[in-house]
Amino acid sequence: MDLDEAKWALRVLERIYGGFEEWWKGLSAFEILVATIISQNTNSKNTSAAFRKLRERFSLRPEVLAGAPLKELEECLRPAGLYRMKAKRIKEISAILLGREGGLEAILKKPLDEARSELVSLPGVGWKTADVVLSFAAGKATFPVDTHIARIAKRWGIVDGKAGYEEVSTAFKKVVDEKERRRVHLMLIRFGREYCVARAPRCDQCPIKPPCRGVPLGRRTARKV
DNA sequence: CTCCGGCGAG
DNA sequence: CTCGCTGGAG
């Protein structure tokens, strides 16, 4: 698929997925950061369960979480998996932001590249998490790439099979207008969950069937039967 | 590359 | 039972 065909494909998805839930509305930037860390390598259901538990137990502010007992944080985060790491990192990040003038908001006011590299320097924050926060909490012009989106980009063939994070992100930034990126990001995740699934993609029911030819994932051709 | 990890789909 | 999930660090 070339980039024009990708634009067409996105329009098809928009027709199917009319509305979408603005889950980040009403959340502070810090809460969005915490929620995104919880979501790492975890499905949305388990993410919500853990986030809900955490918010029931604590006021989600750096001042509170920096001093929260690690055990209690872990207990809240368990449904999301990877919970010891996530609890530790959220607590560490809280302490770091506490000690910084202006906290997270000050970082998000900076120019994109500067803000991005400061976020990535936080423990447990990689490109994906940083881009989600920049996009959803600060309205910056990023395009977050999760495993669904990377998989779709490779199957559609708008990047090659061994493309890294930045290549996929750049490809979608070319195709999607700045103001539409949050919506398209969420749409693609939904499409990846409902049709373009990792294990057994439902190509027979896929609305993007042509021009997508179902390019197999670039890696791991030799699975043992 | 491996580990962290509860959880649901197949 | 295995695999993958809105990843990141060592």
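Values as computed for the structure displayed
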read-out: Members of the range A:28-75 that are β-branched (Val, Ile, Thr), free of Cβ contacts under 8 Å to residues at least 40 places away in the same chain and within 10 Å of DNA strand B (Cβ to nearest atom); value: A:47
read-out: In the range A:171-200, residue most open to solvent (accessible area, probe 1.4 Å) [restricted to those that are in contact (Cβ under 8 Å) with a residue 24 or more places away in the chain and away from DNA strand C (no atom under 14 Å from the Cβ)]; value: A:174
read-out: Any hit, the range A:41-58, residues being modelled with pLDDT of 95 or more, open to solvent by less than 60 Å² (accessible area, probe 1.4 Å) and farther than 30 Å from residue A:192 by Cα; value: yes
read-out: Residue in the range A:152-160 that is away from DNA strand C (no atom under 15 Å from the Cβ), open to solvent by less than 30 Å² (accessible area, probe 1.4 Å), part of a loop (DSSP other than H, G, I, E, B) and under 17 Å from residue A:11 (Cβ atoms) present; value: yes
read-out: All positions within the range A:141-151 that are buried (at least 20 other Cβ atoms within 10 Å of the Cβ) and away from DNA strand C (no atom under 11 Å from the Cβ); value: A:142, A:143
read-out: Index of the failed condition, residue A:18 passing every other in (1) in a loop (DSSP other than H, G, I, E, B); (2) away from DNA strand C (no atom under 16 Å from the Cβ); (3) farther than 30 Å from residue A:209 by Cα; value: (3)
read-out: Helices (runs of 4 or more DSSP H) completely within the range A:49-114 that count 1 or more residues being within 16 Å of DNA strand C (Cβ to nearest atom); value: A:70-77, A:83-98, A:103-109
read-out: Failed item, numbered, when residue A:81 is tested on (1) out of contact with any Pro (no Cβ under 8 Å at 6 or more places or on another chain); (2) at pLDDT 95 or above; value: (2)
read-out: Every residue from the range A:115-139 that is outside any helix (DSSP H, G or I), loosely packed, with under 14 Cβ neighbours inside 10 Å and away from DNA strand B (no atom under 16 Å from the Cβ); value: A:121, A:139
read-out: Matching entry among A:95, A:9 (being of a type outside the set (Ser, Thr, Tyr) and more than 30 Å from residue A:158 (Cβ to Cβ)); value: A:95
read-out: Unique match (being under 21 Å from the mean Cα position of the chain (by Cα) and free of Cβ contacts under 8 Å to residues at least 40 places away in the same chain) among A:78, A:15; value: A:78
read-out: Selection count, the range A:77-110, where residues are open to solvent by 10 Å² or more (accessible area, probe 1.4 Å) and within 12 Å of DNA strand B (Cβ to nearest atom); value: 9
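The values are calculated or read from the model by the stated rules, or taken from the named source; none is laboratory data. For clarity, every value in this text was computed on a predicted model and none was experimentally measured. All Cβ positions, glycine included, derive from the backbone under ideal geometry; neighbour counts span all protein chains shown. Just the protein is used for accessible areas: all its heavy atoms, side chains included, with ligands, DNA and RNA removed. Shrake-Rupley method; radii C 1.70, N 1.55, O 1.52, S 1.80 Å.
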